[in-house]
Amino acid sequence: MSTQNPAKPLHGRVAVITGASSGIGEASAEHLAALGAKVAVLARRAERLDDLVTRIDKNGGIALALTADVTEAEEMLSAADQVEAELGSADLLFNNAGVMLPAPIEELRTDQWRQQIDVNITGLMNTIGAFTPQLVRAAGERGVADLINTASIAAQNIFPNFAVYSGTKAYVAHLSRHLRVELGPKNVRVAAIEPGIVGTELQSHVTDQGAQDWLAGSKETMEWLTPEDIAETVGFIATQPPRVNLQQVTIMPTGQPS
């Protein structure tokens, strides 16, 4: 008979969350810790991470703050080594770091194109490269591991002026499908979460006036998702029986048409 605490279904697991200094990553770190996982939180803003770890500790969780830039491969490799040394092999990786900078393609904002590609694609791959060996090893020992990537409904739908961002998220979604086939036989489940509009810092980075106006208008006409909504979904995916892999989860605000 299982002795697992139903209130702590992730007890004994080690979760790594990128983009953890705010929004979805921050909420997911707190939720996974509440479910019993030891969590390593990664981002560039050390002070925000320290505050997050303090809150998790006060609530009885175990957390490790690692200041790292996902676009730097060596920093991610170093972070992976530190996670394994201090918490054990990671068996849950939530790839959440991302940036959204919409603009008309004719404006030739190559700086913003590069930033989105660097974070949303290169950063994703650096993190996967650093932690996949641990996921595979942990899955062999424990019977299951999870690789969860944050995509977007923009990966499937069409939004004017979001072409580069949408292209990066389509990469995330399609990569996830391929990795599920590659890693599934090794007991590593791969999932892509595709949210609609979530109220996070992501919107504050937008500089294009047209996109700002569209976002402001949408907030008046519907209730956006919250970071906690996505965190609950991450926890749900990770607590499924090992035989269950939710390959793609689309989460929409009830009032968002597409």
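What follows draws every value from the coordinates through simple rules; no lab data is involved. Fair warning: this is a prediction, and the values are worked out from it, not measured in the lab. Reconstructed Cβ throughout: ideal geometry from the backbone, glycine too, with neighbour counts over all protein chains shown.
Using the alpha-carbon atoms, what tilt in degrees (0 to 90, nearest 10) does helix 209-221 show relative to the longest principal axis of the chain?
70 degrees
Sort the following peptides by mean Cβ neighbour count (other Cβ atoms within 10 Å, averaged over residues), highest first: 104-110, 80-86. The partial results should precede the final answer.
Details: 104-110: 11.1, 80-86: 16.4.
Final packing ranking: 80-86, 104-110.
When you take every Cα atom in the range 129-192, what is the radius of gyration, and what is Dmax, the widest Cα pair distance, in Å?
That works out to 13.9, 46 Å for Rg and Dmax.
Just going by the charge dipole of the chain, with Lys and Arg at +1 and Asp and Glu at -1 on Cβ, which of M222, V41, A138 is farthest out on the positive end?
Selected residue: A138.
May I have the pair-distance distribution P(r) for the range 7-139, computed from all Cα-Cα distances with 5 Å bins from 0 and rounded to whole percent?
Each 5 Å bin holds this share of Cα pairs: 2, 12, 21, 22, 18, 11, 7, 4, 2, 1, 0.
With labels modelled as points extended 7 Å from the Cα through the Cβ direction, what inter-label distance (nm, one decimal) is found for Q247 paired with E228?
3.3 nm
Taking the radius of gyration and the Kirkwood hydrodynamic radius from Cα positions alone, what is the Rg/Rh ratio for the range 11-65, to two decimal places?
0.91
How much of the calculated P(r) for the range 14-251 lies past 21 Å, in percent of all Cα pairs? Please list the in-between numbers first.
Details: 15190 of 28203 pairs.
It works out to 54 percent of all Cα pairs.
Would you mind checking which residues have amide H under 5 Å from A191's amide H? H placed 1.01 Å from N; only 5 or more apart, or other chain.
Excluding prolines and chain starts, which carry no amide H, the hits are L147, I148, N149.
Where the centroid of each part is defined by its Cα atoms, how far is the range 161-228 from the range 1-52 in Å?
Taking the Cα centre of each part, the range 161-228 and the range 1-52 sit 20 Å apart.
Using +1 on the beta carbon of Lys and Arg, -1 on that of Asp and Glu, and nothing else charged, what's the dipole of the range 61-168 about the Cα centre, debye to 20? Numbers along the way, then the final one.
Numbers: 4 positive and 14 negative charges, 72 e Å.
Here the size comes out at about 340 debye.
Return the long-range amide H neighbours of L64 (sequence gap of 5 or more, or a different chain), with a cut-off of under 5 Å between placed amide H atoms.
HN-HN under 5 Å from L64: V39, A40, V41.
Given springs between every Cα pair under 10 Å in a Gaussian network model of the chain, which of Q248, Q240, Q115 has the largest fluctuation?
Of Q248, Q240, Q115, the Gaussian network model singles out Q240 as fluctuating most.
When the dipole is taken about the Cα centre of the chain, and only Lys, Arg (+1) and Asp, Glu (-1) are charged at their Cβ, what size is it in debye, to the nearest 20?
Magnitude of the dipole: close to 940 debye.
Under the rule of -39500 (n - 2.57) per DSSP H run of 4 or more residues, summed and divided by the residues of the chain, what mean residue ellipticity at 222 nm is obtained, to the nearest 500 deg cm²/dmol?
After summing the helix terms and dividing by residue count, I get -14000 deg cm²/dmol.
Compute the Rg/Rh shape ratio of the range 83-125: radius of gyration over Kirkwood radius, all on alpha-carbon atoms.
We get a ratio of 1.23 for the range 83-125.
Using R₀ = 30 Å, calculate the FRET efficiency as 1/(1 + (r/R₀)^6) where r is the Cβ-Cβ separation of S204 and T254; round to 0.05.
The formula returns an efficiency of 0.80 here.
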